[in-house]
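Worksheet: the structure to be examined is printed underneath.
Every number in this text was worked out from the coordinates using simple rules, so none of it is lab data. Being a predicted model, the structure only gives us computed values, none of them experimental. Methodologically, a virtual Cβ is constructed for each residue, glycine included, from the backbone with ideal geometry; neighbour enumeration extends over all protein chains shown.
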Amino acid sequence: MKTAFALLLGACLLTAWACSPPAESRQAPAARVTVFEGARLIAGDGSAPIEDSAFIVENNQFTYVGRRADLKAPDGATRVDLAGKTVMPTLVDLHGHIGFQNIAEGTMSKEMFTRENLVDHLELLAYNGVGAVIGVGDLVSRSDLHGGRTNWGDVPLRVRDEVIPGAALFRTAGPGIAWPGSGAQGHPSRVDVSYPVSTEEEARAAVRDYAAMKPAFIKIWVDDRGGTKKTLTPALYRAVADEAHKLNIPVGVHNVTLANAKTLMRAGVEGWLHVPVRGGEIADAELVAIVRDRIARNDRPNIWMTPSLITQWMNTQGGSTRPEWLDDPLLLAAYSPADVEQHWGAPLRKMTPRDVARARESFESDARSAMMLRAAGITVVNGTDTGQTRFWVGYFNHLDLESMVAMGMTPAEAIVAATHDSATVARIDTGTIAAGKSADFIVLDANPLEKISNTRKIDKVYLRGGEVDRASLRARWQARRKAPTTN
């Protein structure tokens with residue numbers, strides 16, 4: 001019986017082997033190839049737009065970008081007609097404080113910093129056409145500098161290593177370093193997140209512990225909050241910069257005063273997460289000379305800033321006339337009308353002409369410094385400072401573009417800043433529509449080169465070659481909103 005069964009089994013296996021293709025003829029699954037054609041294409045690198053373009057996406061990459069007339073479409077490719085549309089790269093945000101905000105409830109807390117909530121924010125960024133973000137001041141376990149650890153978990157480090165369908169890529173700049181209590185302000189949930197250092201020894205120890213996270217850069221705060229707090233001294237932030245550079249880690253700073261900007265620039269700090277000089281002061285010839293000298297000497301010459309003038313620009317539109325962006329369907333996909341009215345609608349409406357004039361003066365002062373330093377060689381990149389309840393995740397990336405144009409950049413320059421240049425600084429393979437790049441792009445219903453606010457007129461978003469299911473995301477966010485209270 002056993003012999004008969006063995007003979008039968010052998011015959012079956014022999015038949016299966018004979019019917020299967022030989023190893024050399026077996027092929028991997030066919031690549032997914034899609035041809036998108038007919039759109040005006042803005043590559044993101046500053047080149048002239050391509051009218052009546054065509055580009056090929058194979059799996060998750062662009063493999064051809066050019067004119068439709070020059071295209072020889074691969075056999076069997078899916079074709080997508082984008083006639084009348086404009087295509088541009090997805091945006092990259094180098095200054096996000098995502099994860100703490102409970103968008104549905106309008107609250108913030110450490111308890112909200114979970115993988116689920118962080119991914120929700122990354123999906124909201126994707127919905128708005130943002131392909132990648134660097135989280136700053138993230139909640140992650142760190143040394144308490146007294147022999148223990150905070151035990152806050154490793155959510156940012158885990159999400160950083162994931163590629164989540166339909167969500168922006170995430171990178172982290174870790175928790176940051178500040179004088180005790182003078183780091184991130186606003187909601188108390190964020191105030192104690194950064195390493196608290198008050199001696200050079202603590203500063204260097206914090207950097208060494210920080211380095212184990214492999215951060216995109218080390219964030220420091222140098223801001224006395226209008227004289228209400230102590231802040232890092234030059235000796236402390238020089239120690240941070242020196243130790244970080246020994247480990248080949250860039251440093252990004254939140255700074256306010258002209259004097260500190262000069263010392264930080266001389267210390268080799270690479271990034272500024274706001275205009276380097278603000279709060280009523282203006283960049284001067286000496287600071288400009290320091291910037292140019294560093295670049296000329298090739299001394300950490302890749303200097304960048306996220307101006308983050310969004311809220312100042314928004315405040316210039318206060319008064320009796322309601323800004324149209326308060327009622328934008330793109331914003332209202334995730335944020336409720338009540339939330340929008342509470343945090344921006346009512347406060348803007350209550351601004352007096354004098355308030356608006358002061359807001360305009362503040363914006364113009366900081367914009368003047370930003371443009372002066374940009375002319376000296378500092379690269380402007382996208383960064384929204386989102387994280388507080390008044391700071392709208394994803395939507396602020398578009399208002400950032402509008403504030404860049406308001407401060408003196410052209411729409412084309414603002415797009416390059418927020419796509420190609422931001423991706424280059426972040427060292428992420430996105431931000432440009434070119435062969436070999438990750439297929440991350442936005443399909444728009446209008447041309448942002450004519451009016452920068454047209455970046456908000458989004459028809460579709462594609463990340464890594466796949467379309468983001470924006471309808472499902474919008475339905476989920478609107479379903480979870482709190483029901484309005486009635487008296």
Let me know the Rg and Dmax you get for the chain when you use only its Cα atoms, in Å. 25.3, 101
Which cross-chain or sequence-distant (5 or more) residues have an amide H under 5 Å from the amide H of residue 130, H modelled 1.01 Å from N in plane? 91
Mean separation of Cα pairs under 8 Å and 6+ residues apart, divided by the residue count of segment 123-224: what relative contact order is that in percent? 30 percent
Modelling each spin label as a point 7 Å along the Cα-to-Cβ direction, I'd like the residue 259/residue 360 distance in nm, to one decimal. 3.3 nm
Listed peptides 50-57, 213-220, 142-149 by packing density, highest first (mean Cβ within 10 Å): 213-220, 50-57, 142-149
Just need the relative contact order of segment 197-260 here, percent rounded to a whole number, with Cα pairs under 8 Å and 6+ apart. 43 percent
A correct fewest-to-most ranking of 369, 47 by other Cβ atoms within 10 Å would be 47, 369
Computed from the beta carbon distance with a Förster radius of 51 Å, FRET efficiency for residue 281 and residue 451 to the nearest 0.05 stands at 0.95
Partners for residue 219 among lysines (Cα-Cα distance below 20 Å; same-chain residues under 8 apart left out): 110, 229, 230, 246, 262
16 Å reach of a label modelled at residue 289, 7 Å along Cα-to-Cβ, counting backbone N of segment 364-395: 376
First check a/c for segment 296-432, with a ≥ b ≥ c the square roots of the eigenvalues of its C-alpha gyration tensor; if it is under 1.5, answer rounded, and if not, answer prolate when a/b is larger than b/c or oblate otherwise. oblate
Set of lysines with alpha-carbon distance to residue 85 below 30 Å, sequence-local pairs under 8 removed: 72, 437, 451, 457, 460
Starting from 0.36 nm per residue, how many nanometres of slack lie between residue 71 and residue 248 once their C-alpha separation is accounted for? 59.3 nm
What is the calculated FRET efficiency for residue 435 to residue 476, with r their C-beta to C-beta distance and R₀ = 35 Å, to the nearest 0.05? 0.50
Would you work out the relative contact order for segment 91-429, in percent, from Cα pairs under 8 angstrom that are 6 or more residues apart? 19 percent
Taking alpha-carbon centroids only, segment 37-103 lies from segment 410-487 a number of Å equal to 11 Å
Counting DSSP beta bridges with both partners in the chain, what percentage is antiparallel, nearest 5? 45 percent
Listed peptides 304-310, 331-337 by packing density, highest first (mean Cβ within 10 Å): 304-310, 331-337
